[in-house]
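Q: Pasting a structure here, questions to come.
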Amino acid sequence: MAMRVLAIESSCDETAAAVIRDGRWIEGNAVASQIPLHQQFGGIVPEVASRAHVQAIVPVIRDAMAQAEATWDDIDVVAGTMGPGLAGSLIIGLNAAKAIAYARDLPFVGVNHLEGHIYANWLAPASEEHRPPAEPEFPLLCLVVSGGHTDLVLMRGHGDLTRLGRTRDDAAGEAFDKVARILGLGFPGGPIIQKAAESGDPKRYPLPRAWLKGSWDFSFSGLKTAALRLVQSFPEGEVSVSDVAAAFQESVADVLSTKTAQAATELNARQVAVAGGVAANSALRAMVQERSPVPVRLPPLKYCTDNAAMIGSAGYYRYLAGVRSDLTTDVSANLPIA
Ligand code: KG4
Ligand code: ZN
């Protein structure tokens, strides 16, 4: 019998709900982005985000249910993101998920947002069920790169994650956002830097790489500072924005892809998976594929950034493993991936 998870995600600046069948098939997927709302401030304002989640949450859940043509009787499990993220944002989605579980007397599963990102690699639209994409294979070496986190994780099975390394300062996505601001490019920085870099020469301005040899950790704050100094060394308006963008993007992608490939070799991973908003970056996708010693899984672009479909998939596999979260489960802003 088919099993449907209703999943809710509100950890940062997207209010999202999804209906996922059997952990892999997307029947409904609704995302209300707050990007235009935060653009006027050049970044995410937590109080503004929280209020926007309150306004969007019910319509977004209705939208996901309508897309799935699901009634409440079709839902078997409710999953909600419990962290990490902005506490005032997380609380809106988590409480909505718990309230639905309570009202419908359904099992509730709390999901780690970062683990959720990895599950974007399991997803496909229900319309493609006739040619199912292969499931990722364990041990899976995962590079999780988002706006707030950069983690290298070995996944030996569902729910069996070991963090090998993490960023010691800025997350990769955060570095994209900050360098975009230095270049006067707007928010969010990742897609805009990628666009600017298309016409840039990555070799014109050399930027550093922090290898942190002997560890699987990363560091991007030195690179960000080097980009700032480079821009400041030119009279206003004379630096080539596209060349800085290309050099910066190449530095980030070089370090991330090299260390991911090395870890895959040393830990005998069968596959590599990339996840999180920065997994949408074309330079990173190309470099990981080029360097990995094993097959690489890359989520479809639209499932890289925050959504609830990935939370539904992670929630389904947690549920299968016997996980049931209590309705007293609270948000955890700093929840680590493992
Ligand atoms: O995973 P995500 O949607 O939210 C968090 O959990 O943080 O990631 C958002 C981050 C932002 O920093 C954004 O600039 C970055 O992902 N991003 C990208 C690209 N698309 C989004 N970074 C580089 N290249 C992209 N194409
Ligand atoms: Zn995210």
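Q: Only one residue in Ala309, Ala253, Ala275, Ala279 is away from ligand 2 (no atom under 16 Å from the Cβ), among the hydrophobic types (A, V, I, L, M, F, W, C) and either closer than 30 Å to Met65 by Cβ or touching a helix residue (DSSP H, G or I) at 6+ places or on another chain (Cβ under 9 Å) (or both), so which one is that?
A: Ala253
Q: Which one of these does Tyr119 not meet: (1) more than 9 Å from ligand 1 (Cβ to nearest atom); (2) in contact (Cβ under 8 Å) with a residue 24 or more places away in the chain; (3) not in a helix (DSSP H, G or I)?
A: Here Tyr119 meets the rest and fails (3).
Q: Something else about it: So which residues in the stretch 282-338 are part of a helix (DSSP H, G or I) and of a type in the set (A, V, I, L, M, F, W, C), if there are any at all?
A: Ala283, Leu284, Ala286, Met287, Val288, Leu301, Ala309, Met310, Ile311, Ala314, Leu320
Q: Let me ask something else. Could you grab me the full set of residues in the stretch 139-160 that are more than 16 Å from ligand 1 (Cβ to nearest atom) and open to solvent by 50 Å² or more (accessible area, probe 1.4 Å)?
A: Once the filter is applied, which keeps residues that are more than 16 Å from ligand 1 (Cβ to nearest atom) and open to solvent by 50 Å² or more (accessible area, probe 1.4 Å), the stretch 139-160 yields Arg156, His158, Gly159, Asp160.
Q: Give the residue, chosen from Ala52, Ala64, Ala103, that is open to solvent by less than 30 Å² (accessible area, probe 1.4 Å) and away from ligand 1 (no atom under 16 Å from the Cβ).
A: Only one candidate qualifies: Ala64.
Q: Which condition number in (1) over 24 Å from Ser11 (Cα atoms); (2) open to solvent by less than 40 Å² (accessible area, probe 1.4 Å); (3) within 16 Å of ligand 1 (Cβ to nearest atom) is the one that Glu198 fails?
A: Unmet condition: (2).
Q: Follow-up question, since we're still on this one. Of the conditions (1) out of contact with any strand residue (DSSP E or B) (no Cβ under 7 Å at 6 or more places or on another chain); (2) closer than 19 Å to His158 by Cβ; (3) not assigned by TED's automatic domain parsing to the domain that holds Asn95, Ser325 clears all except one; give me its number.
A: (1)
Q: Turning to a different aspect of this structure: If you go through the stretch 295-309 one residue at a time, how many are touching a residue at least 12 places away in the same chain (Cβ under 8 Å) and open to solvent by 30 Å² or more (accessible area, probe 1.4 Å)?
A: 7
Q: Picking from Gly83, Gly93, Gly88, Gly110, which residue would you name as being surrounded by fewer than 19 Cβ atoms within 10 Å (Cβ to Cβ), touching a Ser or Thr at 6+ places or on another chain (Cβ under 7 Å) and at pLDDT 95 or above?
A: Going through Gly83, Gly93, Gly88, Gly110 in turn, the sole match is Gly88.
Q: Only residues that are assigned to a helix (DSSP H, G or I), of a type in the set (A, V, I, L, M, F, W, C) and either farther than 22 Å from Leu212 by Cβ or not assigned by TED's automatic domain parsing to the domain that holds Glu174 (or both): list them for the stretch 231-281, please.
A: Val231, Val241, Val244, Ala245, Ala246, Ala280 - these are the residues of the stretch 231-281 that are assigned to a helix (DSSP H, G or I), of a type in the set (A, V, I, L, M, F, W, C) and either farther than 22 Å from Leu212 by Cβ or not assigned by TED's automatic domain parsing to the domain that holds Glu174 (or both).
Q: Something else: Is one or more of the residues making up the stretch 245-258 polar (S, T, N, Q), crowded, with 19+ Cβ neighbours inside 10 Å and within 28 Å of Gly23 (Cβ to Cβ)?
A: So far as the stretch 245-258 goes, no, none of its residues is polar (S, T, N, Q), crowded, with 19+ Cβ neighbours inside 10 Å and within 28 Å of Gly23 (Cβ to Cβ).
Q: Would you mention how many residues in the stretch 113-136 are in contact with a helix residue (DSSP H, G or I) (Cβ under 7 Å, 6 or more places away or on another chain) and surrounded by 23 or more Cβ atoms within 10 Å (Cβ to Cβ)?
A: 7
Q: Considering only residues that are in contact (Cβ under 8 Å) with a residue 40 or more places away in the chain and more than 20 Å from Ser146 (Cα to Cα), which ones fall in the stretch 70-90?
A: The answer is Ala70, Asp74, Ile75, Asp76, Val77, Val78, Ala79.
The values are calculated or read from the model by the stated rules, or taken from the named source; none is laboratory data. Quantities reported herein were computed from a predicted structural model and do not represent experimental measurements. When we count neighbours, we look across all protein chains shown, and the Cβ atoms used for this are built from the backbone with ideal geometry, even at glycine. Only protein heavy atoms, including side chains, enter the accessible area calculation; ligands, DNA and RNA are left aside. Shrake-Rupley method; radii C 1.70, N 1.55, O 1.52, S 1.80 Å.
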